[in-house]
Amino acid sequence: MLSADQDLVSQLIATHPRFQSLYEKHHQLNKEISKLEGPSGAGYNEQVAKLKKEKLHLKDEMQRIMQTSR
């Protein structure tokens, strides 16, 4: 992520409630996926795949918000 993107993300977290909610959920899913996969990544299964798809949808929405905020 570029420094300008990091600045924008920080700004949106502080000022955009929907973005903040998406960011927190994305972070939560990331932790949950890491826990399910385990340190070797061998725990990949349908549940992990579903969570990764959900995480991707959140990321896409965050990207749309970032694009409209530039």
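Please treat every number below as a calculation from the coordinates, not as lab data. The structure displayed is predicted, hence computed values, not measured ones. Neighbour counts are summed over all protein chains in view; Cβ atoms, including those assigned to glycine, are modelled from backbone coordinates with ideal geometry.
Descriptive notes on the structure:
- Within the set 50, 35, 31, 25, the sole residue that is surrounded by fewer than 13 Cβ atoms within 10 Å (Cβ to Cβ), within 13 Å of the chain's Cα centre (by Cα) and either among the aliphatic types (A, V, I, L, M) or more than 17 Å from residue 67 (Cβ to Cβ) (or both) turns out to be 31.
- Every condition in (1) among the charged types (D, E, K, R); (2) assigned to a loop (DSSP other than H, G, I, E, B); (3) in contact with a Leu (Cβ under 6 Å, 6 or more places away or on another chain) holds for residue 70 except the one numbered (3).
- Hits in the range 12-36 (condition: in contact (Cβ under 8 Å) with a residue 40 or more places away in the chain and either part of a helix (DSSP H, G or I) or among the acidic types (Asp, Glu) (or both)): 12, 18, 19, 22
- In summary, residue 66 fulfils each of the numbered conditions (1) free of Cβ contacts under 8 Å to residues at least 60 places away in the same chain; (2) surrounded by 10 or more Cβ atoms within 10 Å (Cβ to Cβ); (3) among the hydrophobic types (A, V, I, L, M, F, W, C) with the single exception of condition (1).
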